[in-house]
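First comes the structure, then the notes that go with it.
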Amino acid sequence: MLALRSLAFNAMFYINLIAFLVVGAEFYLTPRKWSIRALQTWARASQWWLKVLAGIAVEVRGLENIPAGPVLIAGKHQSLFETFALLPLVDDPAMVLKRELTWIPVFGWFALKFRMIAVDRGAGAQALRSLIRQGQEAIAIGRQVIIFPEGTRRAPDAPPDYKVGAGALYLKLGVACVPFALNSGLYWPRRRFARFPGTIIIEFLTPIEAGLDRKTFAARLEATVETATARLVAEGRAAMAR
């Protein structure tokens, strides 16, 4: 049954994505904010299929910790799930992603249309300058910049591996940072076919105020996110064992 439900959802997830890219092609021509609303509708539909076909519900905690207007949001990346599930939770998301995704036909065109923040991770200091410039442009028009500080998906029990990007953005953007934790890797493991039923929890934590030095911010972000993530993973595992 698990294999069948996983197969059904995985198939529908990509069917839903292709439908948005093809049937919704007109949103490439609409104002960007309209296109963002269409993207958020697609993300909600994907979550609906996740619940119906794979038996995975989503619980969001701490939304009240996200202030209105421009803000930096930084947290864990355990699976493909959060790359779309976070999108409907804020008004105008600008997600940091690897530049290679913009090379994918149609999908990449839409990523550019949404003005997501595409970064060449192999470009060193140039990539960091590009990240900051695009982040500043997003903040200037009131958007919410979302970054996964570890840069790639990490299994729930993997040791933390935070990169410098989130700290650089925090210093240059001059806005508060809302950390977030989750346990999606228990139910949607990276690089695996299976989707395990249960409830994914996303939790937005107390904002880190603007104005800290980079070292203090980095230590506080990592400690906050890792502590909350360990708690949510333990909660998820206890629920799965029942």
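Just so it is clear, none of the values below were taken in a lab; they were calculated from the coordinates. Just so you know, these numbers come straight off a predicted model, no measurement behind them. Note: ideal-geometry Cβ built from the backbone for every residue, glycine included; neighbour counts use all protein chains shown.
Once fully extended, how much extra length lies between Glu100 and Ala127, figured as 0.36 nm per residue of separation less the alpha-carbon to alpha-carbon distance?
Details: separation 27, 0.36 × 27 = 9.72 nm, distance 1.30 nm.
Here the answer is 8.4 nm.
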What is the spin-label model distance, in nm, from Leu4 to Phe107 if the labels are put 7 Å beyond Cα along the C-beta direction? 2.9 nm
Summing +1 per Lys or Arg and -1 per Asp or Glu among the other residues with Cβ less than 14 Å from Asn65's Cβ gives -2
Surrounding net charge for Arg32, when Lys and Arg each add one and Asp and Glu each subtract one, Cβ distance under 15 Å: +1
Sorted from largest down, give the three principal axis spans of the alpha carbons of the stretch 126-230, whole angstrom values. 40, 24, 24
Please report the Cα spread of the stretch 78-137 along all three principal axes, rounded to whole Å, starting with the longest. 31, 26, 25
Need the C-alpha centroid separation for the stretch 143-205 versus the stretch 1-44, integer Å. 22 Å
Straight-line reach from Lys51: which aspartates and glutamates have a Cα under 18 Å away, not including same-chain ones fewer than 8 places off? Glu59, Glu82
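If R0 is 41 Å, what FRET efficiency do you get for Asp161 and Thr30 from their C-beta distance, rounded to 0.05? Walk me through the intermediate numbers first.
Values: r = 39 Å, r/R0 = 0.94.
The computed FRET efficiency comes out at 0.60.
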When the convex hull of the Cα atoms of the chain is projected onto a plane and the area is averaged over all directions, what value comes out in nm²? 12.6 nm²
Rounded to whole Hz, the Karplus (6.51, -1.76, 1.60) HN-Hα couplings of the stretch 148-153, x for glycine and proline: 9, x, 7, x, 7, 5
